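Engineer: Before I ask anything, here is the structure I am working with.
The values are calculated or read from the model by the stated rules, or taken from the named source; none is laboratory data. Because the structure is a prediction, the values reported are computed rather than measured. FYI the Cβ positions are ideal-geometry reconstructions off the backbone, even for glycines, and counts take in every protein chain you see.
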Amino acid sequence: MNKNIKLAVAGAVLALSASANAGIIIPAGDWTMDINGNVNAFANYTRADTGTGTAAVNGTACPVANLVCGGLASARSANSVGQENKQIGINTGLLPSWLGFTGTTRQNDVDVSFTISMQPNVSDNTAAGDNNTPLFRQTFLTFGDKSWGSIKLGKDIGIFASDAILNDMTLLGVGAGAGNSGAATTLGGIGSGYIYAAWKGQIAYTTPNMNGFQATVGITNPNQIAGTTGNQDRYGFEGKASYNFAANDVTGKVWVSGATYDASTASVDAVTGVAGASATTAVGYVAASAASSRTVSVGDIGATLSAAGFTATGYYYKGKGAGTTLLGNLGWNGANKRDSDGGYVQLSYVLPTKTKIGVAYGISNLDRAAGEAVSTLVSENERYTVGAYHPLTKHLNLVAEYNNVNSKAHNSNETESQTYSAGAILFF
């Protein structure tokens, strides 16, 4: 597993020993191999309350009738007004099960490493149960030295918003987006407190650690922004800076990060969605749109502070054209950008039994673009989380969570769902 992810989840558990930050270490000639990862699974029960409003098509972004276009709360189906929708399943949580291989060596006064990882699925809804394929989230190499920093080339977690997800307590649990089984992962706080950092091809430089201060800048795959097609004008640019500090029994971290992309889209012809139909209200209708190019920009700031068993985290982001949940998702209407912002606050405490209990509140807001009519477009996704995380052994943790997710549209449509989950996560 990526070193940053390993340290983050180990730090979140608190009861894990330092040895849990490394996996199975095997000397192999000039190389040292680290085989590491986790296995986790959760039983989830989600109840979607009766939604309010009328489901409708919302242009090209939501060609199927939705109560809230871009809403994260599980909703009753369009033909079951006034009824609850219950979903159960067994699935991984926000963090997928993981098997990672990292090799390190030092040659010619340069530290060299590679990481390759895979993320098997825990659940599959097909009859045979073997249809889903593993994810492959990391394939990268690094080289550098503590005197001048390091360079990374390959696919790894994005630079912007990576600290937001790595400090989210639901990284050890489920968060939002559970629903039925069969998906690779849940959402945690993605889309209800922060935008997903995602896994991106990148070339990045990280400075040496200078008394707690460290910065990373990089170029990233430009074709990964949601809603883009074809060739892009330039690479994406992402960067972050952080400062870690410790004084007596108080430790903490402050960080900022940002990203900017040129996002181009190809022209789209109108599609009625129904054979022989021409009405723009037909289910599946997609309006024609011209080719366009626009800039996506977003920045964030966050801080976490730990003392006397308590850990408090606060985070805020703001963007133009950045959309919600995924970077660029629902970020514009035609040539006009939509503004978005959001964040989360989180407080946890480690009991004498070493059980960590935590509460969190997160929200992601999406504004209408200039001149845009009121519609089913999501205006906010809001989440409340209560969780308990108990280290049964040095490597095995039992987890129970309650998550309440509320989604609202600009036309006042609303959906709400509650998820109860219980399971375990094991690191090695």
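Engineer: Across the stretch 229-252, what is the number of residues that are crowded, with 19+ Cβ neighbours inside 10 Å and out of contact with any helix residue (DSSP H, G or I) (no Cβ under 8 Å at 6 or more places or on another chain)?
Structural biologist: Result for the stretch 229-252: 1.
Engineer: I would also like to ask the following. So which residues in the stretch 333-375 are within 23 Å of S412 (Cβ to Cβ) and assigned to a strand (DSSP E or B)?
Structural biologist: N333, N336, D339, S340, D341, G342, Y361, G362, I363, S364, N365, L366
Engineer: Let me ask another. Give the residue that is farthest from K337 (Cα to Cα), with candidates limited to residues of the stretch 407-422 that are among the hydroxyl-bearing types (S, T, Y) and surrounded by fewer than 21 Cβ atoms within 10 Å (Cβ to Cβ).
Structural biologist: Ranking the qualifying residues of the stretch 407-422, first place goes to Y420.
Engineer: Separate question: Which of (1) within 29 Å of G103 (Cβ to Cβ); (2) at pLDDT below 95 is the odd one out, the single condition G182 does not satisfy?
Structural biologist: Going through the list (1) within 29 Å of G103 (Cβ to Cβ); (2) at pLDDT below 95, G182 breaks only (1).
Engineer: Same structure again: Among N397, N381, N404, N365, which is free of Cβ contacts under 8 Å to residues at least 24 places away in the same chain and surrounded by 15 or more Cβ atoms within 10 Å (Cβ to Cβ)?
Structural biologist: N404
Engineer: Same structure, new question: On the basis of being surrounded by fewer than 18 Cβ atoms within 10 Å (Cβ to Cβ), touching a Ser or Thr at 6+ places or on another chain (Cβ under 9 Å) and either modelled with pLDDT of 90 or more or not β-branched (V, I, T) (or both), does T115 make the cut?
Structural biologist: No.
Engineer: I need the strands (runs of 3 or more DSSP E) fully contained in the stretch 95-158, keeping only those with at least 3 residues that are touching a strand residue (DSSP E or B) at 6+ places or on another chain (Cβ under 8 Å), among the hydroxyl-bearing types (S, T, Y) and in contact (Cβ under 8 Å) with a residue 60 or more places away in the chain.
Structural biologist: Answer list for the stretch 95-158: 98-107.
Engineer: With the condition kept exactly as written, say whether any residue in the stretch 382-397 is more than 27 Å from V39 (Cα to Cα) and assigned to a loop (DSSP other than H, G, I, E, B).
Structural biologist: No, the conditions are met nowhere in the stretch 382-397.
Engineer: Is it the case, given these coordinates, that V57 is buried (at least 21 other Cβ atoms within 10 Å of the Cβ), at pLDDT 90 or above and either out of contact with any helix residue (DSSP H, G or I) (no Cβ under 9 Å at 6 or more places or on another chain) or not charged (D, E, K, R) (or both)?
Structural biologist: No; evaluated as a whole, the condition is false for this residue.
Engineer: State whether one or more residues within the stretch 420-427 are free of Cβ contacts under 8 Å to residues at least 60 places away in the same chain and on the phi < 0 side of the Ramachandran plot.
Structural biologist: no
Engineer: For the stretch 293-332, which positions are surrounded by fewer than 20 Cβ atoms within 10 Å (Cβ to Cβ), in a loop (DSSP other than H, G, I, E, B) and among the hydrophobic types (A, V, I, L, M, F, W, C)?
Structural biologist: Within the stretch 293-332, A308, L326 qualify.
Engineer: When the residues of the stretch 35-71 are narrowed to those that are farther than 15 Å from K408 by Cα and outside any strand (DSSP E or B), which ends up nearest to the chain's Cα centre (by Cα)?
Structural biologist: A61
Engineer: Just the residues that are touching a residue at least 24 places away in the same chain (Cβ under 8 Å) and assigned to a strand (DSSP E or B), please, taken from the stretch 196-210.
Structural biologist: W199, K200, G201, Q202, I203, A204, Y205, T206, listed by residue number.
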